[in-house]
């Protein structure tokens with residue numbers, strides 16, 4: 001069994017993954033399809049200050065409180081920016097990172113740079129998948145686990 005977190009893009013919601021999530025769950029996987037702050041059913045939370053980082057930080061808290069490990073993060077459209085940032089915030093929890101028709105910035109590249117990138121430009125370089133036994137270094141300041149009394153909530 002694998003845990004999947006599927007992240008939608010702009011102007012969408014977790015609902016875009018319904019059919020994919022159903023197929024993954026039918027195969028025995030756990031699947032999370034959060035709707036990002038300010039989108040779809042969470043549009044009432046739309047406000048200045050929502051950024052890729054703020055959304056990734058919110059999802060990092062979800063990974064922590066759900067105690068998800070060795071998960072597959074999938075992002076589509078602008079969700080690619082979110083999963084890339086989330087992977088950097090929660091390295092010890094992510095086994096694979098998948099960009100599905102997603103924005104994938106090169107180092108120091110902005111969304112504007114991606115959109116204006118020449119179609120003839122070479123694709124971003126990808127690293128080879130790491131061995132399942134290798135682990136990235138831990139986060140500098142990992143959050144502490146909730147007290148035992150709170151772990152059973154939910």
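Since every read-out is calculated from the coordinates, none of them should be taken as a lab result. Since this is a predicted model, take the numbers as computed values, not measurements. Heads up, the Cβs are rebuilt from the backbone with ideal geometry, glycines too, and the neighbour counts pull from every protein chain shown.
Could you list 120, 3, 37 in order of exposure, starting from the residue whose Cβ has the fewest other Cβ atoms within 10 Å?
120, 37, 3
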Self-check item: Label-point separation, residue 120 to residue 69 (7 Å along Cα→Cβ), nm
Solution: 5.0 nm
Exercise. Using the number of other C-beta atoms within 10 angstrom as an exposure proxy, rank 112, 85 with the fewest first.
Key: 112, 85
Practice problem: Between residue 100 and residue 11, with labels modelled 7 Å along Cα→Cβ, what's the label distance in nm to one decimal, could you check? | Solution: 2.0 nm
Quiz item: Taking the alpha-carbon centroid of each part, what is the distance from the stretch 56-75 to the stretch 87-111 in angstrom?
Solution: 13 Å
Exercise. Could you please rank 16, 114, placing first whichever residue has the fewest other Cβ atoms within 10 Å of its Cβ?
Key: 114, 16
Exercise. Calculate the tail of P(r) for the stretch 1-84: the fraction of all Cα-Cα distances greater than 21 Å, expressed in %.
Key: 25 percent
Self-check item: Theoretical gain in end-to-end length, residue 92 to residue 110 [0.36 nm per residue, Cα-Cα removed]
Solution: 3.9 nm
